[in-house]
Amino acid sequence: MTFEQLVVLDAIVSAGTFRGAAEHLNKAQSAVSHMLKKLEDEIGFQLLSREDYRPKLTPRGEVFYRHSTRVLRRMRDLKSIAQNLNSDHEAEVLLSVSSTYQLPPLLKLIGKLTCEFPATHIRLSRDSMGGPLERLLSEEAQIIITTLDEVPMDLVEAVPLTPITMLPVAHRDFPAAEDNGFRTMVEMQNYVQVVVADSSQSKEQSRGLMPGGLRWTVSDFATKKEILLENMGWGGMPDYMIEKELEQGTLVALNVEGYAATPVLHYVMRRRDIPAGTVAQAIWEQIANQ
């Protein structure tokens with residue numbers, strides 16, 4: 001069974017006659033008839049009834065044809081992908097995004113570009129603190145979204161994006177949240193601070209830590225939020241992640257010495273010294289102009 005035989009079957013069914021199929025495929029009618037007969041001999045049953053003027057699918061032929069159209073569609077998709085891979089489109093692009101940056105706008109953008117460049121595998125990695133920059137400098141990621149902390153600007157091009165705000169929060173019943181009063185660092189050292197670990201391999205967690213305080217380290221902000229909602233600690237959270245909880249009063253902002261609400265500006269970044277591929281350039285332009 002060959003792809004060409006399935007194409008011939010599809011052409012006969014679509015055209016309604018062997019002659020019409022031959023004209024559509026630019027083949028001799030005898031060649032079309034021969035290829036169909038060879039396919040029927042191979043599978044062991046008749047696909048088309050030739051009793052009437054127009055060939056008609058047999059009951060088993062209808063089932064076979066229905067499945068063959070799926071194969072044809074997949075084969076045509078595969079040919080299209082092969083053509084794209086043979087062009088200047090990258091096989092894969094990795095976008096590393098800081099865990100503090102909001103995803104919804106990016107997801108819509110990536111969905112659109114996935115349809116536009118189906119042969120390119122667009123990977124999205126969620127990383128913390130130094131993780132995105134580490135991926136960019138090691139050439140693992142082509143584009144990252146993170147803050148400017150320790151970024152070598154001679155090597156990296158950066159465009160600012162919409163800022164978010166980091167808020168120190170806790171459950172409304174957390175001891176440090178009572179009376180909405182000011183808390184000193186000494187006081188807060190008695191309470192568990194929940195922090196998200198740095199996903200880079202070369203550094204240890206260092207940002208936003210309470211000196212000498214109790215600590216619980218987790219891998220992501222979703223886990224951190226769950227811990228805070230269980231009244232098991234306090235910590236900084238991106239404002240957009242806790243809007244509902246703040247509105248409902250489940251979580252409340254804390255007034256902690258040295259931990260005021262802090263605007264955080266993220267940037268989309270790429271290497272200056274590495275030419276961008278077609279898909280990476282499209283992603284860059286979409287994010288930078290968003």
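Read the figures in this text as sums done on the coordinates, not as results from a lab. From a predicted model like this one, the values you see are computed outputs, not experimental measurements. Don't worry about glycine lacking a Cβ; one is built from the backbone with ideal geometry, like all the others, and counts go over all protein chains shown.
Key figures
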read-out: Nearest-20 debye value, the range 164-263 charge dipole, Cβ charges on Lys, Arg, Asp, Glu; value: 260 debye
read-out: Rounded to whole Hz, the Karplus (6.51, -1.76, 1.60) HN-Hα couplings of the range 54-59, x for glycine and proline; value: 9, x, 10, 5, 6, x
read-out: Amide H within-cut-off set for A170, under 5 Å, with H built and near neighbours excluded; value: V252, L254
read-out: Computed lengthening from L72 to T223, 0.36 nm per intervening residue step minus Cα-Cα distance; value: 49.8 nm
read-out: Antiparallel DSSP beta bridges within the chain, percent to nearest 5; value: 55 percent
read-out: Dipole of the range 1-120, positive end: most advanced residue of L109, A28, Y65 [Cβ charges, Cα centre]; value: Y65
read-out: Computed FRET value (nearest 0.05) for N289 with Q102, which takes r as the C-beta separation and R₀ as 25 Å; value: 0.90
read-out: Counting DSSP beta bridges with both ends in the range 164-263, the antiparallel % (nearest 5); value: 55 percent
read-out: CD proxy at 222 nm, helix term only [per DSSP H run n ≥ 4: -39500 (n - 2.57); per residue of the chain; nearest 500]; value: -12000 deg cm²/dmol
read-out: For the range 258-273, Karplus couplings with θ = phi - 60° (6.51, -1.76, 1.60), whole Hz, Gly/Pro x; value: x, 10, 6, 4, 10, x, 10, 9, 9, 10, 8, 9, 8, 6, 6, 8
read-out: Inverse mean reciprocal Cα-Cα distance (Kirkwood Rh) of the chain, Å; value: 23.9 Å
